[in-house]
1. Among the numbered conditions (1) assigned by TED's automatic domain parsing to the domain that holds Cys155; (2) among the charged types (D, E, K, R); (3) touching a helix residue (DSSP H, G or I) at 6+ places or on another chain (Cβ under 9 Å), tell me where Lys238 comes up short.
2. Report the residue count in segment 197-215 for those that are hydrophobic (A, V, I, L, M, F, W, C) and either assigned to a loop (DSSP other than H, G, I, E, B) or at pLDDT 95 or above (or both).
3. Out of everything in segment 281-296 that is buried (at least 21 other Cβ atoms within 10 Å of the Cβ) and free of Cβ contacts under 8 Å to residues at least 60 places away in the same chain, what residue ends up being nearest to the ligand (Cβ to nearest atom)?
4. If you check Leu61, Leu95, which single one turns out to be surrounded by 14 or more Cβ atoms within 10 Å (Cβ to Cβ) and not assigned by TED's automatic domain parsing to the domain that holds Pro112?
5. Specify which of the listed residues (Ile105, Ile70) is without any contact (Cβ under 8 Å) to a residue 40 or more places away in the chain, touching a Phe, Trp or Tyr at 6+ places or on another chain (Cβ under 8 Å) and closer than 22 Å to Ser47 by Cβ.
6. Being closer than 27 Å to Glu196 by Cα and open to solvent by 30 Å² or more (accessible area, probe 1.4 Å) is the filter here, so list the residues in segment 111-120 that pass it.
7. If I ask for residues that are open to solvent by less than 20 Å² (accessible area, probe 1.4 Å) and within 11 Å of the ligand (Cβ to nearest atom), which ones from segment 221-233 would you list?
8. Taking the stated definitions as given, is Ile105 modelled with pLDDT of 95 or more, under 16 Å from Val130 (Cβ atoms) and open to solvent by less than 20 Å² (accessible area, probe 1.4 Å)?
Amino acid sequence: MTILENISLKNYNTFGIDVKAKRFVNIHSIVELQKLLSKEKDLFLLSGGSNMLLTHDIEKLVVHIDIKGISIENENENSVEITVNAGENWHEFVLWCVENNYGGIENLSLIPGKVGTCPIQNIGAYGIEVKDTITKVSVVEIETGKINTFTNEECKFGYRDSIFKNDQKDKFIIVTVSFRLSKKNHVFHTSYGAIEAELTTQKIGSQMLKNISEAVISIRKSKLPDPRELGNSGSFFKNPLISSTHFEKLQLEFPTIPNFKISETVVKIPAGWLIEQAGFKGKRFGNCGVHEKQALVLVNYGNATGVEILNLAKKIQKTILEKFQIELEIEVNIIS
Ligand code: EPU
């Protein structure tokens, strides 16, 4: 375990923000992590860096979780339980599952980041959330170095939410995530409009995990910027929930407003639509801007600082509040 000094984090965050870590360490095993925790506790945890906005240099010791390995825990005729170490790349794991005909996460193809962080914000796309397949999450407690396991229920998953963002924030380091996936009679989730359309356009059937995964990859590539080409962190905001009375008022003024009924009294509105209506889509502000194909995504044109991006986010929030009386909540973890 070597502690490096003055390391640029540009290649460790998908926004491509060039801030420095005073001290930086790569961790390759749970034992190595426990050894580190016996000496250092004031840490800044870094995994795939795909859901964070860095606004300054990091004084704390930056710990890059790079623990690799996938193992089959148990299986029967119908399903398999797989335990994956936190440092595995999420998309490569999805492709491995698709290749092996393990079903359940194919709709989550091409999401940036690593396996260890997927439970924190309960990643979701195209009708699926990762909570639907997670059986347990193992963590190392920062204070004691002890291993602890959270069942799916104990993770208290919600829309882009879990216990690791709330009650248990900053207390644990996720080291493994276990998934229960189907081996046969897969349940295909193709009702999300864009997937159906893509399968029809490509004239491919929907009864293969590979087809769904390829359709999702194609949709994401057409809408979302590749962080290697244009720095970004996916959806910058959450889709807001508003009351049905508020929604009915807005609908009078904006008859085409897209909406998803959550309950009798709650409606979800796509933040991307609100931002587009407010005129931000495709607009550039200095070194950063709003993506031209998906207004929910803020992008770094090369040399943006985290503060510049945060200021743009605040400007968007202010405009949306004035125009629609809706408070947009930032989904990305702001390191300020
Ligand atoms: N829309 C617009 N303009 C835009 C973007 C969206 O009008 O620029 C409207 C359209 O009406 C569209 C609707 O919003 O029908 C929904 O758009 P889309 O299907 O692209 O999904 P989203 O609600 O904008 C969410 C997730 C994405 C995920 C997609 C697909 C959140 C915050 N975002 O976006 O997640 O890929 O659904 O399931 O829930 C991410 O979290 O990083 C992410 C990309």
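The values are calculated or read from the model by the stated rules, or taken from the named source; none is laboratory data. No experiment lies behind these values; they were computed from the predicted model shown. When we count neighbours, we look across all protein chains shown, and the Cβ atoms used for this are built from the backbone with ideal geometry, even at glycine. Remember, those area values only see protein heavy atoms, side chains included, never the ligands or the DNA or RNA. Shrake-Rupley method; radii C 1.70, N 1.55, O 1.52, S 1.80 Å.
1. It is condition (1) that Lys238 fails.
2. The qualifying residues number 2.
3. Ala295
4. Residue meeting the stated conditions: Leu61.
5. Ile70
6. Once the filter is applied, which keeps residues that are closer than 27 Å to Glu196 by Cα and open to solvent by 30 Å² or more (accessible area, probe 1.4 Å), segment 111-120 yields only Pro112.
7. Pro225, Asn232, Ser233
8. In short, yes.
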